[in-house]
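The values are calculated or read from the model by the stated rules, or taken from the named source; none is laboratory data. Predicted model only: the values in this text are computed from it and were never measured. All Cβ positions, even for glycine, are placed from backbone atoms using ideal geometry, and neighbour counts span all protein chains on display.
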Amino acid sequence: MPRRDLNQMFAPATAAAEKSEEIASLKAEIEALKTQNGQGDFQEIPVNEITSLRLPEGMGQPRKYFDPVKLEQLKDSIEKHGVLEPILVRPTSDGKYETVSGERRWRCCKEIGKPTILASIKPLNNTDALEVALIATIHSEGVSTIEETDSVLSLMKLYLNIRGDQRDKKIKTLLESAKNFQQTGYGDIDQETVDLVEATLGSFGFKLGSFVSNRLPLLDMAEPILEAVRTGDLSPTNALLINRIPEEYHQDLIQVGAGATKKELRQRISEIKNSSGSINNSGIIEPSLRDRVHEQYRVVRQKATWQKIHGNPKLKKKMERVDTLLKEILLDLG
Amino acid sequence: MQKRISIMSNSGGVGKTTLAVNLAYQLSRLGKTVALFGCDPNGSLTLFCGLDDPPDDQTLDVVLRPDFKGSYPLFPAWPDRVKDVDCCLGGLVLSKTAIRLVNETRGEYLLADKLEDYPLPHDVLIFDCPGTIEQLHTIALAASTPAILTIKPEDKDVDALAKLIEWFYEKRDALRLKPTPEILGLVPNGFKDRAMHRDNLGTGSDPKRVSLYDIMDHLGINVFPVIKDQAHIANAGANGLPLGIFRPGEGVNAIYTQIAKTISEEN
């Protein structure tokens, strides 16, 4: 057997070093934006000349959900102190700008009617813009585990150039193969890809094995729910709540859940659970037979009701029929 | 700013403790005060500093306890020859420490936290790590500014080094350390003039063969001059002395001086 080549020995180390370096420099750039206020290469640009980042279909998107409560808080802060961190934008061919990092700050300024916002303008191609936006999302405060997982996966799709309709499925399959390869040394995947995957995960503090077992299942939500999270209609916490409910209620609950607080949604869900009934065509939830019988009997056996029944021969007769029917049912059951 | 150097390798007997004591000695000659930390359960630092095995409650273990309040168990090294080299010793008790740290709140950052809460006055701290990656490496990494790696140019050690470097980059990101520790350099140790060592150091018969220098160059890691295997180095250690005291005339001392200067000039 020939001696192992040094390049081969160091491939994972090299991948880890490069990924660490690359992400470190991007983090540093984002950090620099946060710490410099007003100094350096920044410009005040008109708020209405900015739009959200527009990327071609199929490339994936950075964060989309913005917590309305947090938006309000940020608005208050901006009204009091102004925007403390400049945002990062890229110029577009139509002479406008797209947000790469700082979409929340920009939205708030727009809503309170600030004319301009301090920004760093950087020409970035689609891939670089998405990469920066994703890394900023992963490192932003208060990012949910779903968003974080989703962003890490998007970043990986970007690095591995996975595109097309089946990209979500492809990246999951690839990560699972990578995990198997790491554990067994076999699989339909090459070492280089596994190294890149591990290095990317590693630079955000994830281990391949635990990411696959603990994080990937988070995205195993019904497609409409996940889609609603990605478009920003549904908060990740509400999505998780809805996902626990049988699929037939999903559409209904996505609509309820959009814009509803967690508490409101919970209430709605517990209504469904208590009834454990079904939804008829009009979308109104009907209680199940068991619940109906139970509820009616509860009323019947109340002392006051029972006295009325007892004092009314017609009702008493009907009640005797109920008694007979229940006896029959129990007999049938054996 | 205080410099905190981790000396790491992923195989035993490749000169970590030798490097640690010699750097401490050379740094003290440059006018720096140094505290050596023995993070290895084998307690080799104790031997190399000519000290006696300390009782468990006089080791690094006490520093890594939540109730530690800043009285570091420090022993002066070679007090009749140098000032200001102190040792916080390791020993077998550290094998239990490592297990305990797993369940400790901020276990990985415990050393870093203690050094922040109860700062030592020394200019340079040197952490002499164990011979294989384990929990004690992680706590040393979390506390260190840069790291120095040592290696013997054997294939098996080179392969282990590759894994150490991979671990280093992944771990430092996972720990989210600020400032991010870098690898200050690699010290090839125990070089013997034979084919395998020559190949790995790029002086072999096949000029196209990839050497450690090519790899380190690619990784942007500095390689210090090669230290040849020689009996004096081992004898100095066995006598509990740095080579600079044991054999001041040896040429190798110049390499230790050079590394010490790199440390003291490093920002």
Top-ranked residue in the range B:2-57 [being more than 28 Å from B:Lys156 (Cα to Cα) and without any contact (Cβ under 8 Å) to a residue 60 or more places away in the chain; ranked as surrounded by the most Cβ atoms within 10 Å (Cβ to Cβ)]: B:Ser28
Exactly one of (1) closer than 30 Å to B:Gln2 by Cα; (2) of a type outside the set (A, V, I, L, M); (3) over 20 Å from the mean Cα position of the chain (by Cα) is unmet by B:Asp193. Its number? (1)
Go through the residues of the range B:67-74 one by one and say whether even a single one is surrounded by fewer than 20 Cβ atoms within 10 Å (Cβ to Cβ), out of contact with any helix residue (DSSP H, G or I) (no Cβ under 8 Å at 6 or more places or on another chain) and at pLDDT 95 or above. yes
Condition set more than 22 Å from A:Asp5 (Cα to Cα) and in contact (Cβ under 8 Å) with a residue 12 or more places away in the chain, scope the range B:211-233, selection farthest from the other protein chains (Cβ to nearest Cβ): answer is B:His232
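Could you check the range A:9-21 and list, in sequence order, the residues that are more than 7 Å from chain B (Cβ to nearest Cβ) and touching a residue at least 60 places away in the same chain (Cβ under 8 Å)? Break it down stepwise before answering.
Quick first cut of the range A:9-21, residues more than 7 Å from chain B (Cβ to nearest Cβ) only: A:11, A:15, A:18-19, A:21.
A:Ala11, A:Ala15, A:Glu18, A:Lys19, listed by residue number.
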Listed residues B:Lys208, B:Lys163, B:Lys171, B:Lys192; which is within 28 Å of B:Glu265 (Cβ to Cβ) and either touching a residue at least 12 places away in the same chain (Cβ under 8 Å) or within 12 Å of chain A (Cβ to nearest Cβ) (or both)? B:Lys171
Among the strands (runs of 3 or more DSSP E) lying completely within the range B:68-187, list those that include at least 3 residues that are in contact with a Lys or Arg (Cβ under 8 Å, 6 or more places away or on another chain). B:124-128
Within the range A:22-47, tally of residues that are in a helix (DSSP H, G or I), more than 8 Å from every other protein chain (Cβ to nearest Cβ) and either modelled with pLDDT under 80 or over 33 Å from the mean Cα position of the chain (by Cα) (or both): 12
Go over the candidates A:Leu226, A:Leu218 one by one and state the one that is in a helix (DSSP H, G or I), more than 30 Å from B:Glu108 (Cα to Cα), at pLDDT below 85 and more than 14 Å from every other protein chain (Cβ to nearest Cβ). A:Leu226
If we ask which residues in the range B:58-67 are free of Cβ contacts under 8 Å to residues at least 60 places away in the same chain and either of a type in the set (Asp, Glu) or in a loop (DSSP other than H, G, I, E, B) (or both), their number turns out to be 5
Got at least one residue in the range A:193-209 being out of contact with any strand residue (DSSP E or B) (no Cβ under 8 Å at 6 or more places or on another chain), surrounded by fewer than 17 Cβ atoms within 10 Å (Cβ to Cβ) and either in contact (Cβ under 8 Å) with a residue 40 or more places away in the chain or aliphatic (A, V, I, L, M) (or both)? no
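Scan the range B:23-53 for residues that are assigned to a loop (DSSP other than H, G, I, E, B) and in contact with a Cys (Cβ under 9 Å, 6 or more places away or on another chain) and jot them down.
B:Cys39, B:Asp40, B:Cys49, B:Leu51
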Test each condition in (1) more than 14 Å from chain A (Cβ to nearest Cβ); (2) without any contact (Cβ under 8 Å) to a residue 24 or more places away in the chain for B:Gly202 and report the one that comes out false. (1)
